[in-house]
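Undergrad: After the structure tokens below, expect a handful of questions from me.
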Amino acid sequence: MADAAATPPDLLPEKFATWFESRGWSARAHQLEMIAKAREGRDALLIAPTGGGKTLAGFLPSLIDLAQRPPSNTPQGIHTLYISPLKALAVDVERNLMAPILQMGLPIVAESRTGDTGQARRARQRVKPPDILLTTPEQLALFCAWEGARLYFENLSCVILDEIHTLHSTKRGDLLALDLARLQQFAPNLRRVGLSATVDDPDVIRRWLAYGKIPDPDPPPVGEGDLEVVEGAAAVPGAKSPSVGFAASSPSEEASRAVYETVDLVRGPAGAQPIVDMLLSEGRVPWAGHTAKHAMQEVYDTIKGARTALVFVNTRFQAEFAFQELWRLNDDNLPIALHHGSLAAEQRRKVEAAMARGELRAVVCTSTLDLGIDWGDVDLVIQLASPKGASRMVQRIGRANHRLDEPSRALFVPANRFEMLECQAAREAIAENRFDGEPTRIGALDVLAQHVMGCACSEPFDLLALYDEVRSAGPYRDLIWEDFEQVVDFVSTGGYALKTYDRFRRIVVGQDGLWRVRNAETAQCHRLNVGAIVSPAVLTVRIAMGKARRGGRKIGEVEEGMLEMLDPGDTFVFAGQVWALVGVTGTEVLVSPATNRDPKMPSWGGSKFALSTFLAGRVRELMYDQEHWKVLPADVREWLEVQRDHSLIPPADDLLLETFPRGKRHFMVVYPFEGRLAHTTLAMLLTRRLERMGAAPLGFVCNDYAMAIWALKPMDGLDFDELFAQDMLGDDLESWLAESFMMKRAFKGCAIISGLIERRFPGHEKTGRQVTFSTDLIYDVLRRHQPDHLLLRCAREDAATGLIDVARLGLLLERIQGRIRHSPLEHLSPFSVPILLEIGKERSPGQAGEMILAEAEEDLIAEALS
Amino acid sequence: MSALASPSPAYAFAASPCGGLRTRLNGAAVTLRASGALWLEEQRTLVVADLHLEKGSAYAMRGQMLPPYDTRETLRRLQAEVMATLPDAVVLLGDTFHDRKSEDRLARDDAQTLRSLAGATRLIWVIGNHDADGPRALPGDVADELSVAGLTLRHEPVEGPQVGEVAGHLHPCARVVASRGSVRRRCFVTDGSRMVVPAFGAYAGGLNIRDAAFAGLFSQPPLCGALGADRVHAVGWRSVAGD
């Protein structure tokens, strides 16, 4: 805790100092440092753990500035813009901000604006802007596509980006970075402030947040002091390097460093070390599964012993399952609630309100509660099933106890043996303050296309000036002119080699040489399609009413994919109850209450988050280090020992490959620990190769830890180094990807974000299914006739990162070169049991379509022959 | 559609060597081809419906820049069918153009492809609701409907029992359900007396055959010929579901 007396007293005006005193607080060192940075006009990134007074630290400089502003009768425009990744967080912060404003009697208007804000308030905000506006990246993108955006923001003095670590590496972050660059043009003195939870490498975020482009290398910039490029005969190796210790970096790295060093790093206090325990269900850690059903009694008892607990799970279905199980045990009738993204908004708000009033003992929730919304008196966080990454876990743990001087308490509940290893590795990483690193992001071109269109809707733009503006945004600093030109051409005419759309341009060049939107209708259309979130099509779940089975009360929403697995009459758990599917009509799912206590689909699948590279590495190290096994429960230890004696456990950087016969099939199991996505891609590519090698592969199954392939022929004699050779990522990948449903899914996302197809037309909504259908048709046609089109490039990049994790697979193949440890076995090994137990539980997409048709045809033939 | 709830009647069908499905329609021997074209063997006539040429540019006019390659893709597929069957006549079963201005927007080489098709075979344009005027400058015969081998070829199916009718217009599409999941494909649909053929155009969407628009067309639960990658799959009414 900082001593306010030790800092320059003039940083905190008297009114504020008095307010701090009246609350029994003193301003913390990082809060004062943020005021000092503001006074110097510096951009700043504040990294502080949850509960460190982070939000207040972000707002204090603006509050002080506004409090000292001379009164005025005319509206002065927005002074501070606050951007949160979550609507709920923006509303929550608005509430929290009102406390200091009201208690100090400051003449400041602070208002939120989200997609849920009413029409009247929105209209008023346009005419009479508040001093502080709290909103989301999507609303900002909409603002920036308005005519008159420049005037609206011309007095903007500060923009605060909250929870910036969740945004910077996503397409939403790309769009936000571009809009920031725009705002900087409107208000050149705008100051940028980022607020982030603890991250491993703050420079990644500084680079994203910083304003300014890297100077073009040619012609060399002259007279910029340290940045001067020394050329030709004058160049002396090692001489005149801008800062000590970076002599080896290339000019572009130096220039990039010079850009992001304009953002000062401010660190909050470290906070008390969290106390993280693991539930060691002695002798009862299951071999496989994701539900942690075995531990529910213990989880329930722990909840009973706590004041208020948050029970985090990784998927909505795990949430439903855990909620059911806990209520089954709830003899004390503890108020336990459920919170996840599929529930109806009003139901979620009820839970949130009850939580804020301290009426609940536990909430079972998904990542919808990950971010820093203040839910009051939580004293325990329970993580059911594996955390998948250390950073996310720290965020979740931070939800317990928003007071820094007391440690947060958390309990890990592993659902299977590999998760037990993973939880242990995560605990140790948290204790050592080590987190998952993230690669630097390169801005997506479909997002840039949307932004260029938005700019044209707002005001005419000059091509070169916009190029410079775009390159001042972190993710687009390396954007080359050719790509920018291609994007603008795409926005205008679709960017096709066949030039038949020239007369239908969406943006046109005027006689003044400036680009503008073709007409108001086109601009209006664009504004309805703003945003970089493409959510899967969702269907409304309603209770079927009466004989006609019409839709009654809405109980929530489900993603379309879930229904693929259900037939009418099937039972499933939703919103904490068991339902039977009655039918699907258009965009509505009709259900009726079921008395069945044993639903057909209680839950499925693992986590939607991939195991982080960092955590996976630690799991492999833990596994190899026998000294370390002491910390594990007896049954897990025994499992490792039998594996060691029966097969082998390789060093952390080696890859264990087991082969054994089972039934009439031959199995090959590998344990890369690189996450389900990378494993699935690897399996797809390996089966193609095995096919060519004559092994006749029949199928495969993957989880976060391992991958198993089975075949008709034995595989122990194969050349494994050749099988896993890196050239797998060349032609094999390309030819598989082109046919894959994942490319189609990625293409759909890019088509929507880039504006090629519309999310919705004014006045009529398309259902997701129709969109799927038509983008697949478009994809097929485009791939045949212009395979190098911009959007196919975008889709390929998205699929390679988001859907199939090629980068991670590439690193794996590189790591294991010459390091494959083959263990030929006569029967299965202890490690292989969990993965073999998953066989038959998965439905593989991909080529499944043709097989479904063939199966339906067999039915008909069987019927005809009977 | 309660009349259709009874078990599927037996249909006689057989796979043809090229992946098509051979059956009889009101007595005439027909092959349902994997491309979505219908082949009348004895008359050596190829029937394709709902090409919707220049649908892409129709969207572009309204500001949605869909790839402008739909016309050449559709014509490429049609050319391939003509090469494979060497027909005496090709019947374009209506909605060949997406709108009345489509012909003017045709790229020169696409128009040329159509002209050379008309040179190689007899091209018959049946009028549809999207292209009520028929072609202006392109060659070929124009007809409201056509009688061939006891079959009536027209664009829009007429309500009530229509023995021997072959129509398009509805863009039939089936969601085929099997134990391992479901898949949505364009399809032929027939009760042995009449038939609705799938849309042939690259950008033509699909309407589920469980939709009310198909109710009342068939006297018994129809057989569905779902288009697979390179063959047509015969699927019974019980294996198809609504969207």
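The values are calculated or read from the model by the stated rules, or taken from the named source; none is laboratory data. Please read these numbers as outputs of a predicted model, since none were measured by experiment. All Cβ positions, even for glycine, are placed from backbone atoms using ideal geometry, and neighbour counts span all protein chains on display.
Undergrad: Working only within segment B:222-239, note down all residues that are more than 7 Å from chain A (Cβ to nearest Cβ) and in contact with a strand residue (DSSP E or B) (Cβ under 8 Å, 6 or more places away or on another chain).
TA: Taking segment B:222-239 and keeping what is more than 7 Å from chain A (Cβ to nearest Cβ), we get B:222-225, B:227, B:230-232, B:237-238.
If the condition is that a residue be more than 7 Å from chain A (Cβ to nearest Cβ) and in contact with a strand residue (DSSP E or B) (Cβ under 8 Å, 6 or more places away or on another chain), then B:Pro222, B:Leu223, B:Cys224, B:Gly225, B:Leu227, B:Arg231, B:Val232, B:Trp237 are the ones that fit.
Undergrad: Based on what the data block shows, is A:Val204 outside any helix (DSSP H, G or I) and touching a residue at least 40 places away in the same chain (Cβ under 8 Å)?
TA: When the stated conditions are applied, A:Val204 does not pass them.
Undergrad: Working carefully through the options B:Val166, B:Val176, find the one that is surrounded by 23 or more Cβ atoms within 10 Å (Cβ to Cβ), assigned to a strand (DSSP E or B) and within 14 Å of another protein chain (Cβ to nearest Cβ).
TA: Working: B:Val166 fails: within 14 Å of another protein chain (Cβ to nearest Cβ).
Checking each option against the conditions leaves just B:Val176.
Undergrad: In addition: A:Asp721: surrounded by fewer than 17 Cβ atoms within 10 Å (Cβ to Cβ) and touching a residue at least 60 places away in the same chain (Cβ under 8 Å), yes or no? Can you show your working first?
TA: Working: surrounded by fewer than 17 Cβ atoms within 10 Å (Cβ to Cβ): yes; touching a residue at least 60 places away in the same chain (Cβ under 8 Å): yes.
Yes: the conditions hold for A:Asp721.
Undergrad: Run down B:Gly160, B:Gly201, B:Gly242 and say which single residue is surrounded by fewer than 23 Cβ atoms within 10 Å (Cβ to Cβ), in contact (Cβ under 8 Å) with a residue 40 or more places away in the chain, in contact with a strand residue (DSSP E or B) (Cβ under 8 Å, 6 or more places away or on another chain) and not polar (S, T, N, Q). I'd like the intermediate steps shown before the answer.
TA: Details: B:Gly160 fails: in contact with a strand residue (DSSP E or B) (Cβ under 8 Å, 6 or more places away or on another chain); B:Gly201 fails: surrounded by fewer than 23 Cβ atoms within 10 Å (Cβ to Cβ).
Exactly one residue qualifies, and that residue is B:Gly242.
Conditions tested, residue by residue: (1) within 13 Å of chain B (Cβ to nearest Cβ); (2) surrounded by fewer than 18 Cβ atoms within 10 Å (Cβ to Cβ); (3) under 22 Å from B:Ala107 (Cβ atoms).
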position: A:Glu482; (1), (2), (3): no, yes, no
position: A:Ser492; (1), (2), (3): yes, no, yes
position: A:Asp512; (1), (2), (3): no, yes, no
position: A:Ala523; (1), (2), (3): yes, no, no
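Undergrad: Right, A:Ala497: crowded, with 21+ Cβ neighbours inside 10 Å, among the small types (Gly, Ala, Ser) and either in contact (Cβ under 8 Å) with a residue 60 or more places away in the chain or at the interface with chain B (Cβ under 10 Å from one of its Cβ atoms) (or both) or not? If you could, list the steps in order and put the result at the bottom.
TA: On the way: crowded, with 21+ Cβ neighbours inside 10 Å: no; among the small types (Gly, Ala, Ser): yes; either in contact (Cβ under 8 Å) with a residue 60 or more places away in the chain or at the interface with chain B (Cβ under 10 Å from one of its Cβ atoms) (or both): yes.
Judged against the criteria, A:Ala497 is not a match.
Undergrad: Determine, yes or no, whether A:Leu411 is surrounded by 20 or more Cβ atoms within 10 Å (Cβ to Cβ), in contact (Cβ under 8 Å) with a residue 24 or more places away in the chain and within 30 Å of A:Asp301 (Cα to Cα).
TA: Values: surrounded by 20 or more Cβ atoms within 10 Å (Cβ to Cβ): yes; in contact (Cβ under 8 Å) with a residue 24 or more places away in the chain: yes; within 30 Å of A:Asp301 (Cα to Cα): yes.
So A:Leu411 passes the test.
Undergrad: Here are some conditions: (1) at pLDDT 85 or above; (2) out of contact with any helix residue (DSSP H, G or I) (no Cβ under 9 Å at 6 or more places or on another chain). A:Ser754 meets all but one. Which one does it not meet?
TA: (2)
Undergrad: If you go through segment A:312-324 one residue at a time, do you hit one that is within 30 Å of A:Arg191 (Cβ to Cβ) and part of a helix (DSSP H, G or I)? Let's see the steps before the verdict.
TA: Just the residues of segment A:312-324 that are within 30 Å of A:Arg191 (Cβ to Cβ), to begin with: none.
No.
Undergrad: Okay, next question. Test A:Gly840 against the criterion of being outside any helix (DSSP H, G or I), more than 9 Å from chain B (Cβ to nearest Cβ), touching a helix residue (DSSP H, G or I) at 6+ places or on another chain (Cβ under 8 Å) and at pLDDT below 75, and give yes or no.
TA: Working: outside any helix (DSSP H, G or I): yes; more than 9 Å from chain B (Cβ to nearest Cβ): yes; touching a helix residue (DSSP H, G or I) at 6+ places or on another chain (Cβ under 8 Å): no; at pLDDT below 75: yes.
Considered against the rule, which asks whether it is outside any helix (DSSP H, G or I), more than 9 Å from chain B (Cβ to nearest Cβ), touching a helix residue (DSSP H, G or I) at 6+ places or on another chain (Cβ under 8 Å) and at pLDDT below 75, A:Gly840 comes out as no.
Undergrad: To continue, here is another question. Got a number for residues in segment B:206-223 being of a type outside the set (S, T, N, Q), assigned to a strand (DSSP E or B) and under 30 Å from A:Ile778 (Cβ atoms)?
TA: Kept after step one, since they are of a type outside the set (S, T, N, Q), are these residues of segment B:206-223: B:206-207, B:209-218, B:221-223.
Cutting the leftovers down to assigned to a strand (DSSP E or B) gives us B:207, B:223.
Subsequent filtering for residues that are under 30 Å from A:Ile778 (Cβ atoms) retains B:207.
Residues that pass the stated criteria total 1.
Undergrad: Here's something else I'd like to know. Among B:Arg105, B:Arg136, B:Arg122, B:Arg115, which is in contact with a Ser or Thr (Cβ under 6 Å, 6 or more places away or on another chain) and either farther than 16 Å from B:Leu38 by Cα or modelled with pLDDT of 95 or more (or both)? Outline the logic, then answer.
TA: Details: B:Arg136 fails: in contact with a Ser or Thr (Cβ under 6 Å, 6 or more places away or on another chain); B:Arg122 fails: in contact with a Ser or Thr (Cβ under 6 Å, 6 or more places away or on another chain); B:Arg115 fails: in contact with a Ser or Thr (Cβ under 6 Å, 6 or more places away or on another chain).
Answer to the selection: B:Arg105.
Undergrad: Being more than 8 Å from chain A (Cβ to nearest Cβ), free of Cβ contacts under 8 Å to residues at least 40 places away in the same chain and touching a helix residue (DSSP H, G or I) at 6+ places or on another chain (Cβ under 8 Å) is the filter here; which residues of segment B:204-221 pass it?
TA: Hit for segment B:204-221 is B:Leu207, nothing else.
Undergrad: Sticking with this structure for a sec: What tally of residues in segment A:781-813 results from selecting those that are buried (at least 20 other Cβ atoms within 10 Å of the Cβ), among the charged types (D, E, K, R) and outside any helix (DSSP H, G or I)?
TA: Number satisfying all stated conditions: 1.
Undergrad: For segment B:49-68, check the following and say yes or no: at least one residue is farther than 25 Å from A:Ala751 by Cβ, away from chain A (no Cβ under 14 Å) and assigned to a helix (DSSP H, G or I). Before you say what the answer is, go through the steps one by one.
TA: To start, the set of residues in segment B:49-68 that are farther than 25 Å from A:Ala751 by Cβ comprises B:49.
Those left that are additionally away from chain A (no Cβ under 14 Å): B:49.
Narrowing further to those that are assigned to a helix (DSSP H, G or I): none.
For segment B:49-68, residues farther than 25 Å from A:Ala751 by Cβ, away from chain A (no Cβ under 14 Å) and assigned to a helix (DSSP H, G or I): absent.
Undergrad: Checking A:Val222 against (1) outside any helix (DSSP H, G or I); (2) at pLDDT below 95; (3) surrounded by 14 or more Cβ atoms within 10 Å (Cβ to Cβ), which test does it fail?
TA: Condition (3) is where A:Val222 drops out.
Undergrad: I'm told A:Pro242 meets every condition in (1) surrounded by fewer than 19 Cβ atoms within 10 Å (Cβ to Cβ); (2) modelled with pLDDT of 75 or more except one. Can you identify the failing condition by its number?
TA: Unmet condition: (2).
Undergrad: Among the listed residues A:Gly341, A:Gly372, identify the single one that is in contact with a helix residue (DSSP H, G or I) (Cβ under 6 Å, 6 or more places away or on another chain), assigned to a loop (DSSP other than H, G, I, E, B) and at pLDDT below 85.
TA: The conditions single out A:Gly341.
Undergrad: Here is a check on your reading of the model: is A:Asp805 away from chain B (no Cβ under 14 Å) and out of contact with any Cys (no Cβ under 9 Å at 6 or more places or on another chain)? Before you say what the answer is, go through the steps one by one.
TA: Working: away from chain B (no Cβ under 14 Å): yes; out of contact with any Cys (no Cβ under 9 Å at 6 or more places or on another chain): yes.
Criteria met by A:Asp805.
Undergrad: Scanning segment B:82-109 for residues that are acidic (Asp, Glu) and surrounded by fewer than 21 Cβ atoms within 10 Å (Cβ to Cβ), which turns out nearest to the other protein chains (Cβ to nearest Cβ)? Explain how you work it out, then say what you get.
TA: Of all residues in segment B:82-109, those acidic (Asp, Glu) come to B:88, B:95, B:99, B:103-104, B:109.
Among the residues that remain, those that are also surrounded by fewer than 21 Cβ atoms within 10 Å (Cβ to Cβ) are: B:88, B:99, B:103-104, B:109.
Working: B:Asp88: 29, B:Asp99: 14, B:Glu103: 14, B:Asp104: 12, B:Asp109: 10 Å.
Selected residue: B:Asp109.
Undergrad: Name the residues in segment B:141-192 that are within 28 Å of B:Ala118 (Cβ to Cβ) and among the hydroxyl-bearing types (Ser, Thr, Tyr), would you?
TA: Correct list: B:Ser147, B:Thr152.
Undergrad: I'd like the full set of residues that are over 17 Å from A:Asp436 (Cβ atoms) and surrounded by fewer than 21 Cβ atoms within 10 Å (Cβ to Cβ), limited to segment A:158-182. Write out each step before concluding.
TA: The first filter runs over segment A:158-182 and keeps only residues over 17 Å from A:Asp436 (Cβ atoms), leaving A:158-162, A:171-172, A:174-182.
A:Arg172 - this is the single residue of segment A:158-182 that is over 17 Å from A:Asp436 (Cβ atoms) and surrounded by fewer than 21 Cβ atoms within 10 Å (Cβ to Cβ).
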